[in-house]
Each structure stands twice: as structure tokens, then as C-alpha cells.
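Below: one structure, written as C-alpha cells.
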Amino acid sequence: MRGSDGPRIRRRSIVVQVGRVRIGGDHPIAVQSMTNTDTADVAATVEQIIALAEAGSELVRITVNTEAAARAVPEIVARVRDRGILVPIIGDFHYNGHLLLSRFRDCARALDKYRINPGNVGVGRHQDENFRRMIEIALEYEKPIRIGVNWGSLDQALL
């Protein structure tokens, strides 16, 4: 129940498996947080993921924006799992995700889900090619994708 507005009715959605967490459908809304560490700093990122999970985050997103970050992802996931934390780890990609996922296959495999902002994937015809490449890699590794669009990143030609 929500104050005088009455109960909120949830929009119908399909169920998506993200690691061990099911989202959508009749499943409860899952709490997601995002680290603010430099993902290339493995120790700091691992500690923050664990702290977020222990505070109740059911999904944790990390930025994968550089080659160093992409190289760090498999080690981050391994260390988090070694500590007994099973929270799904999601890679947040901007601008160069198609390159990072293509070049760093261990990163692509290690993540539980990819978050892509199509406004940050490329310009013109390259936008479609780059986006397609990310989708192909997600399909190859059977990873769900969240397509998250922010108003500020939309191509002005679309508006």
C-alpha cells in the first residue's frame, strides 16, 4: 500500500535469471547497487561489492570502461565468490563495451549480466554495428542484457 494513492499495480514483465536472482514476473523487486570504485582496483572493488551485498544489495553493478577494468573483472568475481558472496555482478558498459567484450572474453564470461546504454555505443552506422556485437557476445555466453537509456545520452538525431 502507498499512502492515499492506493496500491501500486506492477507492469507485467518476463522473468529473467541474473546469476542466482530472478527478476521480473511475480518476483519481488530486487535491490541493485553500483560500486563507485575504480574497477581496475581489484581489492577496493571486491570489498565494496561484499559490503553492498552484506547491506542487502541483491545485484551489484560495476563499471567496465577500460582495458584494465575488463582485465580485473574475472579476478574480482573469483575473489567475491571465494568469500562466499554469490550476489550477481553486472558489467556497466559505455562507449567501448563492444571492444572490451570482444577482446576480454574472460570478462564477458565472468559477468552475470551486461548493462548497455545504446546512446553510448557509437555514432551513425557504427552504433548499430557496435550494439549488434555486444548482443552477439551476450548470446554466445547466455548473458541477460539490461538496455538502460538516459535522456542525456540519447542521440540528438533521435529527438
Restricting attention to the range 102-129, and to residues there that are outside any helix (DSSP H, G or I) and under 15 Å from the mean Cα position of the chain (by Cα), which single residue is modelled with the lowest pLDDT?
V121
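To keep it simple, each residue is scored yes or no on (1) closer than 25 Å to V15 by Cα; (2) out of contact with any Lys or Arg (no Cβ under 9 Å at 6 or more places or on another chain).
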{"position": "A44", "(1), (2)": "no, yes"}
{"position": "A53", "(1), (2)": "yes, yes"}
{"position": "L86", "(1), (2)": "yes, no"}
{"position": "S102", "(1), (2)": "no, no"}
{"position": "I116", "(1), (2)": "yes, no"}
Cβ contacts < 8 Å: first residue free of Cβ contacts under 8 Å to residues at least 60 places away in the same chain, restricted to the range 38-51; second residue acidic (D, E) and assigned to a helix (DSSP H, G or I), any location; separation 6+ or different chain. Result?
V42/E75
Taking the stated definitions as given, is R132 farther than 30 Å from R10 by Cα, among the basic types (K, R), surrounded by fewer than 15 Cβ atoms within 10 Å (Cβ to Cβ) and at pLDDT below 95?
yes
Which is free of Cβ contacts under 8 Å to residues at least 40 places away in the same chain, over 15 Å from I145 (Cα atoms) and of a type in the set (A, V, I, L, M, F, W, C), of I116, I76, I62?
I76
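The values are calculated or read from the model by the stated rules, or taken from the named source; none is laboratory data. The shown structure was predicted, so the numbers you read here are calculated from the model rather than taken from an experiment. Note that each Cβ is placed from the backbone with ideal geometry, even for glycine, and that neighbours are counted across all protein chains shown.
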